[in-house]
1. In whole percent, and with a 1.4 Å probe on the protein chains, what portion of the accessible area of the range 79-128 is carbon and sulfur?
2. ARG37 accessible area, nearest 10 Å², 1.4 Å probe?
3. Taking the full set of protein chains and a 1.4 angstrom probe, give the accessible area of LYS84 in square angstrom, rounded to the nearest 10.
4. Measuring with a 1.4 Å probe in the full set of protein chains, what accessible area per residue, in whole Å², belongs to the range 20-139?
5. Give me the count of lysine pairs in the chain whose alpha carbons sit under 23 angstrom apart, restricted to pairs 8 or more positions apart or on different chains.
6. Taking the Cα centre of the range 54-100 as the origin, how large is its charge dipole in debye, to the nearest 20, when only Lys and Arg (+1) and Asp and Glu (-1) carry charge on their Cβ atoms?
7. What is the dipole size for the range 1-124, taken about its Cα centre, with +1 at each Lys and Arg Cβ and -1 at each Asp and Glu Cβ, in debye to the nearest 20?
8. Send over the Kirkwood Rh of the range 2-48, from the inverse of the averaged 1/r over different Cα pairs, rounded to one decimal Å.
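The values are calculated or read from the model by the stated rules, or taken from the named source; none is laboratory data. Remember, it's a predicted structure, so these values are computed and weren't measured experimentally. Cβ placement follows ideal geometry from the backbone for every residue including glycine, while neighbour counts extend to all protein chains displayed. What goes into the accessible areas is simple: the full protein's heavy atoms, side chains included, and nothing from ligands, DNA or RNA. Shrake-Rupley method; radii C 1.70, N 1.55, O 1.52, S 1.80 Å.
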Amino acid sequence: MSERTFSIIKPDATRRNLTGKINAVIEDAGLRIVAQRRIRMNEAQAKKFYEVHAARPFYGELVEFMMSEPVVVQVLEGEGAVAKYREVMGATNPADAAPGTIRKLYAESVGENSVHGSDSQENAALEIAQFFTETDIVG
Ligand code: CMP
């Protein structure tokens, strides 16, 4: 079934001018970019987005990183988009990521791992709603 997932092209990737190359991997996988905006995340946005990781030792570093350079927030649409995008991204740690995945190709470390993708349809809906309204999304 066609569904939506939420994606972020992270600061380590925008800094290295990789937005187009990452979008090419996304589109080649059959996912459609139906909304996209380049923003600089503020502290409130970054903290809220990663609230579930608030107790982790890397939370502060993660929030600082997400605010350090512009990011590109996206809505992706396609058959089984949540699972498909997780496959296309590869493992969180680029050292464990499969060949051809975004993180294998471009990520620098487990923290600076180039992209975020939702882990469930429920979280996708919540994450999309943090950054987009329905009229921003053109399928
Ligand atoms: P993401 O998929 O956006 O979800 C949580 C993020 O936390 C993850 O990608 C990484 O960027 C970050 N992260 C996970 N593990 C670590 C770690 N050990 N050290 C620093 N950052 C991490």
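1. Numbers: 1250 of 2470 Å².
Roughly 51 percent of what the probe reaches on the range 79-128 is carbon or sulfur.
2. Around 90 Å² of this residue is reachable by solvent.
3. It works out to around 70 Å².
4. Working: 6440 Å² over 120 residues.
With all protein chains present, the range 20-139 gives 54 Å² per residue.
5. Values: LYS10/LYS21; LYS10/LYS47; LYS10/LYS48; LYS10/LYS84; LYS10/LYS104; LYS21/LYS84; LYS21/LYS104; LYS84/LYS104.
For the chain, the number of qualifying lysine pairs is 8.
6. Working: 3 positive and 7 negative charges, 23 e Å.
Computed about the Cα centre, the dipole is about 100 debye.
7. Numbers: 16 positive and 17 negative charges, 63 e Å.
For the range 1-124, the charge dipole is close to 300 debye.
8. Details: mean 1/r = 0.0817 Å⁻¹.
Across the range 2-48, the inverse of the average 1/r is 12.2 Å.
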